[in-house]
Amino acid sequence: MPRTARATDANSVYHVLNRGNGRMRLFHKPGDNEAFEKVLAEGIERYAVELLTYCILPNHWHLVVRPKTDKALGQWMGWVNAATPEEQLDTLRECAQRGRPVGSAACVETTAARLDLAFTLRGPGRPRKATKNQ
């Protein structure tokens with residue numbers, strides 16, 4: 001759940017950071033850092049924000065920014081944090097609609113077994129009785 005919007009003043013300098021939940025990694029491979037830098041650059045082109053400096057670590061990042069309008073920082077950060085590829089969003093939407101976990105079958109089975117959630121992978125209702133032909 002996002003925090004309540006804070007008042008920001010144009011031309012003030014802000015330290016912005018974002019951490020992964022439970023100190024989980026946000027960036028897993030070198031290409032992830034480069035992709036995030038591209039997201040930052042695209043956001044700067046879209047919104048009136050000046051990026052003064054930044055630091056990207058595996059489980060969080062820091063930005064020092066100066067918004068040029070009162071609303072620019074919130075709009076830019078909303079856009080930066082929502083930069084999820086449409087392909088991933090479609091997969092997540094489909095899984096949520098069908099009530100299925102996200103990921104490959106092997107990953108889902110391994111995770112369910114590790115967390116003792118294998119029962120959640122079975123279909124709804126009672127299991128069918130085996131017939132004599134089976």
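Observations on the structure shown:
- Among the candidates ASN11, ASN21, ASN59, ASN33, residue that is loosely packed, with under 13 Cβ neighbours inside 10 Å, of a type in the set (S, T, N, Q) and on the phi < 0 side of the Ramachandran plot: ASN21
- Matching option when the condition is closer than 17 Å to ALA35 by Cα and modelled with pLDDT under 90, among GLU94, GLU109, GLU87: GLU87
- Every residue from the range 44-63 that is under 25 Å from HIS28 (Cβ atoms) and in contact with a strand residue (DSSP E or B) (Cβ under 9 Å, 6 or more places away or on another chain): ILE44, LEU51, THR53, TYR54, CYS55, ILE56, ASN59, HIS60, TRP61, HIS62, LEU63
The values are calculated or read from the model by the stated rules, or taken from the named source; none is laboratory data. This is a predicted model, so every value here is computed, not measured. All Cβ positions, even for glycine, are placed from backbone atoms using ideal geometry, and neighbour counts span all protein chains on display.
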